[in-house]
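S.K.: Dropping a structure here in structure tokens format, bear with me for questions.
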Amino acid sequence: MEFKIYEDEVFPYLMIDDFYNELEQELIWGELDSYILENRFIYEKGEEDFGVALDEYGNPRANLKRIYLDQIYNENRHGSSILNFYAKIVSRMVVSYYSKTTPAWVTFKASDIDSSQVSYYENGSEYKSHFDNYMHTVLIWFYREPKRFTGGDLKFNQSGQVVECKHNRMILFPSYYMHEVDKVFMDEKDLNKGLGRFCLTHFYNCDYPAWKMNQKNDN
């Protein structure tokens, strides 16, 4: 893993390249490929209480396909390689680097609720400027190499920083940052084959009572 802290006075974030090792990637690819073969990704419609962010007119800010892992593996989380390996995100090493990135790291360390999903972007897919209704957001990008698409980079709107979409790159930041994904473009011959942009997304929240949260931070 290669760690890099992107320093900004107001909007710093942590980036880790080569996040998953070869075996972990192989097993995650097996899961992603099965979703493509079984046509399990659905177009996200952006419901008020569940789905992508909506604009001021009630329209979805995103055009993409998505799977909600917590729904599929509610009773058997070990059935998902993605959910088996994502504990790596809250490892001591990652938390240590995040603690040097932003003071908000303390709520990441104290988080006790998480939610996971996979988004899939093909030609014309994008996610317009939005924030996430959580405390911290983790994005991990997967795609088949060589890359068969252009676009799909992440932009932090308030700081103007652009993060190139690279395979097996992980980004960790406070969820209140405004961010967007620019439009993906692909050749027609590469469509509907799982050759687009996958994003493994994990959200973190805290449901601890205040006194328990402080107790956890002190330990």
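S.K.: Residues of region 100-156 being in a strand (DSSP E or B), at pLDDT 95 or above, among the β-branched types (Val, Ile, Thr) and out of contact with any His (no Cβ under 9 Å at 6 or more places or on another chain), which ones?
M.R.: Once the filter is applied, which keeps residues that are in a strand (DSSP E or B), at pLDDT 95 or above, among the β-branched types (Val, Ile, Thr) and out of contact with any His (no Cβ under 9 Å at 6 or more places or on another chain), region 100-156 yields Val118, Thr150.
Each row is one residue, and each column tells you yes or no for (1) of a type in the set (A, V, I, L, M); (2) in a helix (DSSP H, G or I); (3) modelled with pLDDT under 85.
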| site | (1), (2), (3) |
| --- | --- |
| Glu9 | no, no, no |
| Glu24 | no, yes, no |
| Glu31 | no, yes, no |
| Ile36 | yes, yes, no |
| Glu56 | no, no, yes |
| Phe85 | no, yes, no |
| Ile89 | yes, yes, no |
| Met93 | yes, yes, no |
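S.K.: Next question, about the same structure. Criterion first (among the aliphatic types (A, V, I, L, M), closer than 24 Å to Asp207 by Cβ and either modelled with pLDDT of 90 or more or loosely packed, with under 15 Cβ neighbours inside 10 Å (or both)) does Leu69 satisfy it?
M.R.: Yes; evaluated as a whole, the condition is true for this residue.
S.K.: Answer yes or no: is there a residue in region 110-125 that is buried (at least 16 other Cβ atoms within 10 Å of the Cβ), farther than 21 Å from Phe198 by Cα and in contact with a strand residue (DSSP E or B) (Cβ under 7 Å, 6 or more places away or on another chain).
M.R.: Checked region 110-125: at least one residue is buried (at least 16 other Cβ atoms within 10 Å of the Cβ), farther than 21 Å from Phe198 by Cα and in contact with a strand residue (DSSP E or B) (Cβ under 7 Å, 6 or more places away or on another chain).
S.K.: Only one of Lys189, Lys193, Lys166 is outside any helix (DSSP H, G or I) and at pLDDT 95 or above; which?
M.R.: Only one candidate qualifies: Lys166.
The values are calculated or read from the model by the stated rules, or taken from the named source; none is laboratory data. Worth saying up front: this structure is predicted, and the values here are computed from it rather than measured. Don't worry about glycine lacking a Cβ; one is built from the backbone with ideal geometry, like all the others, and counts go over all protein chains shown.
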